[in-house]
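Single-structure report; data block below.
The values are calculated or read from the model by the stated rules, or taken from the named source; none is laboratory data. None of the values given here were measured: they were computed from a predicted structure. When we count neighbours, we look across all protein chains shown, and the Cβ atoms used for this are built from the backbone with ideal geometry, even at glycine. Please note that ligands, DNA and RNA were not included when accessible areas were found on the heavy atoms of the full protein model with its side chains. Shrake-Rupley method; radii C 1.70, N 1.55, O 1.52, S 1.80 Å.
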Amino acid sequence: EAAEAAEAAEAAEAAEAGADLAAKASEGEQHWSLELAGFHGCSLSTSQSFACDVPLRLCYVLGGDVCLEDHAAATGPSRRMLSMPRDDEGERWQAIAVEMEGQRLAAVFACSSANQMRLCSWTTATETSTASVPETIALTDYGDFAGCLLRLSGQLALTAPLGPRGGREFRVDLWRCDGLWASSVLAEEPLDLKVLEGKEFGVLTSAGLTLWRFDDECDADTAAGGDLEDSCARLQFQVAEPPAGDLTHGSFVAMATQTGPELEEDRKQLAFLVTAGGMLWVHDVDDNVGISLLQVPKATTGVTAVSCSFPLLVLGVSASLHAVKIDLAGAMTTVGEMKLDGHIQSLRLLHEERGVAATAANTIWYFDVAKGNVVPLQAFHQVSGATHLARSGASEVLCSSSGAELRLWREEEVLLEVARLRLEAPCAALHFLPDGLLGCALVDGTVLFFELQMFGLVSRAEVPLQKGSAERSSPEKLTAMEVLVNPSDLQLLFGTSRGRILRGKLQGFNKVCRIDADSAAFSTFVAEDVAAIGGYAKGGVTCSIFALGAEGEIGIWTRDSKRLRSALRSNWGHLQLQRPPGSVACFVTSSALAVAAGSKVVLYSCQDGSICHEVQTQWPVLGMAVARSSTGPQTALLCAGAERVAALVIDGQNLRWLEDVALPGGSLQDPSRAPPRRVCVSAGGSQHLWVQTEVALSAWKLGLLQGM
């Protein structure tokens, strides 16, 4: 009777909190009750955009915004965030390209839902000026493209859209503050765009280099408001003449330019074109004549980027930086090689043999050729397969995994990567444990335990798995893990690819963790493959457990935590349901389980499996988590899809729709990739709700839950 009274009180409290939350929402105390609080990195089909100059100022895309770091300030490194103001419709704009020239900074922003791109420009001379509203230009007809190249030249901004959809033509455009100033169609998709001296720029395609010159004095002959076709020729071009020699070493992939007194023989401007096979073409821009054709040592395949500070040339070859010195007579000397964490996508030499490079692992590196040093400046979220997310509210730590890589993040002003580890096998599940430990289960049955303070491995255990047989050729794998908290001990539950749920006991938490290899299965679960396991703790004891099968099977186990005296299996009540394949689930209360299959969210009673409530969404739900107020009893359900996230108020055993907003960068992922099957959502003890999709790791605030 006491337990029933407690359950009734809990339901009444949740109902009152839900009604209060819904009333606050209807009153409009905060228009954007579900608000993006941060967005860390993305794994787009294009490379991570960055810009840098001397002394070292670094500008890059940090989520949907632009981050400007000044590492040369007397008071130490400083960071400023720049964003495009939200429009009247509240659309979220994603920065996709950045560039700097002197005190001018520009960025191209894209909005997938509005199918538009815009160019924003700031002056960064003083810190207060960056807080002002930027100059903004709508990039006409750019909505049908996937990306954009951006360069600055005085008062002009040069752009070239990338990845056209629907048969759109390639082109290069020159913009002034009042709009489009000149434009020309390109025969092929541009790979790079370089600003030269004397009102010139070069466009590289896979076939070669085209040199362009613009005449900004012909405006005097152009009537105000006249069409570009009616004006004098603002753009003139000529194709770069190749040098004599063998040019059959693959298509061109990258270009570098050099101007100034460092060049030999009174040459003013040189271009260095490189093919995928490491053939280097040195070209005199002023006379439009090829000078030499060289083969880069140790670079016969995999060249992706090049930068020059004559006579030093640095090439990105697969995941290495190759530094060479050249002279115009054709001699080339190898200087050194530096390994990074992924294929080099872009790089820039600054001065004194130092530079910055971006890799396919979404990391920006600082390198010093003379000393052979490489230092990561910024690491970004990157997904390349199954993803997992766990968080520790007490220490504000977030842990994410992608395939066989594990990353530890710390929540500060921005999300900072603390450590990164390569695992022996792909990660199956993550879970934070008491005493500052992190449990990481690998698909091969290995369970690793990390200490969070120094992120060191303190112990490991093996879960006994079945080997391949005549009936099942593939060996059993771990697929899920959940913590089971009992009054006297701590256990882990493991789901496997053969439908088993195993239980292991943890011992010696301070130094050594052990899993009993002889432990019995937790319970009977009729499923071919365990897709997920989740738990609900009340009063410091786990009182509800669910398991999802790959074909939609749902197992629910409950026990009375108030009367619990031991961890015997007989204490658990068990029932099994069936939902469509691809379901995701989470506990709303100890007696209610939310299950999403496709675009429907269903609330089940854990006592008898009956349906308490249903909510229809406009998109498939791929991940869920419950968010609870830190200052009151309010509770909400956060549902995430591939491109949108929604908040639902939990009112007793009912769900009320609160808000539905777009995830940043949701539709900027590579369209050739298959849609995701799962989105990780975490809503633990900190003020942020985290959503990890295939293109983003984003933080959210549900304002009405936090008394905002």
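Values computed for the structure shown
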item: Residue in the range 57-74 that is part of a loop (DSSP other than H, G, I, E, B), more than 26 Å from Arg151 (Cα to Cα) and at pLDDT below 80 present; result: yes
item: Residue ranges of strands (runs of 3 or more DSSP E) in the range 425-507 with at least 2 members under 20 Å from Ala521 (Cα atoms) and of a type in the set (Val, Ile, Thr); result: 446-451, 478-485
item: Residue within the range 668-678 that is at pLDDT 65 or above, more than 21 Å from Val61 (Cα to Cα) and open to solvent by less than 10 Å² (accessible area, probe 1.4 Å) present; result: no
item: Any hit, the range 313-321, residues being in a loop (DSSP other than H, G, I, E, B) and among the small types (Gly, Ala, Ser); result: yes
item: Residue count, the range 362-392 (criterion: at pLDDT 75 or above, of a type outside the set (S, T, N, Q) and open to solvent by 20 Å² or more (accessible area, probe 1.4 Å)); result: 9
item: Among the candidates Gly226, Gly198, residue that is at pLDDT 75 or above and not in a strand (DSSP E or B); result: Gly198
item: Contacts under 9 angstrom Cβ, first residue in the range 327-341 being acidic (Asp, Glu), partner surrounded by 11 or more Cβ atoms within 10 Å (Cβ to Cβ) and in a loop (DSSP other than H, G, I, E, B), 6 or more apart; result: Asp327/Glu264; Asp327/Pro311; Glu337/Lys298; Glu337/Gly372; Asp341/Ala319; Asp341/Ala360; Asp341/Ala361
item: Residue tally, condition more than 24 Å from Arg176 (Cβ to Cβ) and either touching a helix residue (DSSP H, G or I) at 6+ places or on another chain (Cβ under 9 Å) or at pLDDT 70 or above (or both), over the range 78-111; result: 5
item: Residue count for the range 429-488, restricted to those that are among the β-branched types (Val, Ile, Thr), surrounded by fewer than 19 Cβ atoms within 10 Å (Cβ to Cβ) and at pLDDT 90 or above; result: 1
item: Residue that is farthest from Trp700 (Cα to Cα) [pool: residues in the range 393-406 that are open to solvent by 10 Å² or more (accessible area, probe 1.4 Å) and at pLDDT 75 or above]; result: Ala404
item: Lone unmet requirement of (1) surrounded by fewer than 16 Cβ atoms within 10 Å (Cβ to Cβ); (2) modelled with pLDDT of 90 or more for Val530; result: (1)
item: Test for Ile554: is it part of a strand (DSSP E or B), modelled with pLDDT under 85 and either open to solvent by less than 10 Å² (accessible area, probe 1.4 Å) or over 30 Å from Ser698 (Cβ atoms) (or both); result: no
item: Within the range 564-654, strands (runs of 3 or more DSSP E) holding 2 or more residues that are at pLDDT 80 or above and of a type in the set (Gly, Ala, Ser); result: 592-597, 623-628, 635-640, 644-651
item: Sole exception among (1) farther than 20 Å from Lys701 by Cβ; (2) surrounded by 20 or more Cβ atoms within 10 Å (Cβ to Cβ); (3) at pLDDT 75 or above for Ser43, by number; result: (3)
item: Members of the range 119-150 that are modelled with pLDDT of 85 or more, open to solvent by less than 60 Å² (accessible area, probe 1.4 Å) and either in contact with a Cys (Cβ under 9 Å, 6 or more places away or on another chain) or over 20 Å from Ser78 (Cβ atoms) (or both); result: Leu119, Cys120, Ser121, Pro134, Ile137, Leu139, Tyr142, Cys148, Leu149, Leu150
item: Test: residue in the range 330-337 that is under 17 Å from His283 (Cβ atoms) and assigned to a loop (DSSP other than H, G, I, E, B); result: yes
